[in-house]
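Presented below is the structure to which this report refers.
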Amino acid sequence: MPEHITIKDIARILNISVSTVSRALRDAYDVNPETREKVLHLARELDYKPNFNASGLAGGGTRNIGIILPFITNYYFSMVITGIQEVAYAKGYNIVLYVTNDSPEREMDVVKNLNTQNLDGVLVSVCSDSAANNYFEQIIAEGTPVVFFDRVLGSVDASKVVQDDYNGAFEAVEHLVKQGFSRIAHIAGPAGLDFTKHRLAGYLDALERYGLPVEPAWIVHSGFSQADGEADLEVLWEGKERPDAVFAVNDRKAIGVILQLKKRGIRIGPDFGVIGFTDDPMSAIISPSLSTVAEPAYEVGKQSCELLLQHIVRKNNFQVREITLPGVLIARESTRRS
């Protein structure tokens with residue numbers, strides 16, 4: 001047995017999850033009394049001592065908040081950070097930034113080596129193929145509050161702040177239908193991400209609502225870059241049947257589609273509709289201008305930070321929450337038939 005007993009050791013011995021052990025030690029309401037007693041008994045037997053430094057509890061907090069996110073050059077995330085900063089600085093907190101470059105290996109390295117003793121809490125937007133569920137669960141179980149935003153891990157029991165991906169996607173496709181497009185493709189993000197799934201669901205339900213066919217070959221999963229959008233359009237163009245419109249998971253991919261269509265001499269708007277998701281500044285500059293669903297990035301940042309601070313202040317007495325913020329459809333030239 002190791003010299004310093006951790007929550008993870010107790011969980012392994014009892015063959016239960018780390019989060020269950022943590023809740024039992026905190027006397028949380030949702031733990032079976034028999035399980036709680038087993039955890040407490042073993043903790044006493046092994047002389048388990050809580051790591052009060054995990055959230056800076058011993059000294060009243062470090063006044064530092066960690067932010068883990070895939071990119072900082074991305075417009076959406078730069079706006080999120082602006083929202084976080086406004087709240088954090090107003091409350092006297094500093095920010096420590098960790099950028100994963102959308103790499104699961106880099107993310108795993110960041111999370112495994114995260115010095116939680118110097119952080120009061122962590123805000124997280126995971127990378128495309130995140131495999132760090134267990135590490136985030138352990139951080140939470142050891143007493144450091146975590147709030148996910150935008151790209152979240154649905155399997156982790158933590159607070160989350162997201163935009164309304166489902167309804168935003170539904171409205172985007174509905175807009176294309178009302179403009180007279182009927183063969184609508186979706187160039188999606190990585191299949192494992194929650195918001196990819198929600199936007200795909202909105203797309204599929206909108207097609208069903210308006211009696212339009214679902215063509216599996218018109219659903220293409222890839223990354224989030226302009227180059228990914230260009231490659232996705234190539235895939236759609238090589239199929240037996242070509243769509244007459246595209247709903248892209250984000251604006252960068254939609255811009256890639258527009259550039260490829262222009263090379264082919266396709267009239268965007270009159271002959272082929274394109275709509276994105278984000279309202280990146282480029283969407284208003286490109287010609288033709290891009291229709292999109294504006295995401296409340298700044299508000300996502302503000303509310304994520306406010307929620308994390310509530311967790312920090314109220315500690316174990318604050319229940320997990322999920323906040324969903326609506327987007328706004330912005331119709332521009334790329335979906336205008338005339």
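Looking only at residues in region 295-307 that are open to solvent by 20 Å² or more (accessible area, probe 1.4 Å) and of a type outside the set (S, T, N, Q), the one that is nearest to V146 (Cα to Cα) is E306. Going by the conditions given, is S289 of a type in the set (S, T, Y) and not in a loop (DSSP other than H, G, I, E, B)? No: the conditions fail for S289.
Matching residues to (1) surrounded by 17 or more Cβ atoms within 10 Å (Cβ to Cβ); (2) within 20 Å of W218 (Cβ to Cβ):
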| residue | (1), (2) |
| --- | --- |
| A248 | yes, yes |
| I255 | yes, yes |
| Q260 | yes, yes |
| R264 | no, yes |
| I268 | yes, yes |
| D271 | no, yes |
| I275 | yes, yes |
| M282 | yes, no |
| I286 | yes, no |
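Listed by position, the strands (runs of 3 or more DSSP E) inside region 126-227 whose residues that are under 13 Å from the mean Cα position of the chain (by Cα) number at least 2 are 146-149, 159-163. Of the residues making up region 148-168, just one is in contact (Cβ under 8 Å) with a residue 24 or more places away in the chain, open to solvent by 10 Å² or more (accessible area, probe 1.4 Å) and hydroxyl-bearing (S, T, Y), namely Y166. Figure legend. Inter-residue proximity from region 193-207: first residues touching a residue at least 60 places away in the same chain (Cβ under 8 Å) and closer than 21 Å to V156 by Cβ, second residues of a type outside the set (A, V, I, L, M) and in a helix (DSSP H, G or I), beta-carbon distance below 8 Å, spacing 6+ or different chains. Indicated pairs: R199/D165; R199/Y166; R199/G168.
Can you name the residue in region 101-124 that is under 22 Å from T62 (Cα atoms) and in a loop (DSSP other than H, G, I, E, B) and is also most open to solvent (accessible area, probe 1.4 Å) among such residues?
Of region 101-124, the ones under 22 Å from T62 (Cα atoms) are 110-124.
Subsequent filtering for residues that are in a loop (DSSP other than H, G, I, E, B) retains 113-115, 119-120.
Details: N113: 110, L114: 22, N115: 72, L119: 3, D120: 4 Å².
Result: N113.
Looking only at region 312-338, filter to residues that are touching a strand residue (DSSP E or B) at 6+ places or on another chain (Cβ under 9 Å) and among the hydroxyl-bearing types (S, T, Y); which one of those is surrounded by the most Cβ atoms within 10 Å (Cβ to Cβ)? Checking each candidate, the answer is S334.
For I68, the stated conditions do not hold, so it cannot be described as closer than 17 Å to K302 by Cα, in contact with a helix residue (DSSP H, G or I) (Cβ under 7 Å, 6 or more places away or on another chain), in a loop (DSSP other than H, G, I, E, B) and not aromatic (F, W, Y). Close Cβ contacts (under 6 Å, 6 or more residues apart or on different chains) running from residues in region 270-288 that are under 15 Å from F224 (Cβ atoms) and in contact (Cβ under 8 Å) with a residue 12 or more places away in the chain to residues that are hydroxyl-bearing (S, T, Y) and in a helix (DSSP H, G or I) comprise T278/Y76; D280/Y75.
The values are calculated or read from the model by the stated rules, or taken from the named source; none is laboratory data. Bear in mind the structure is a predicted one, so any value in this text is a computation, not a measurement. Glycine gets a Cβ as well: all are built from the backbone with ideal geometry, and neighbour counts include every protein chain shown. Accessible surface areas use protein heavy atoms only, side chains included; no ligands, DNA or RNA. Shrake-Rupley method; radii C 1.70, N 1.55, O 1.52, S 1.80 Å.
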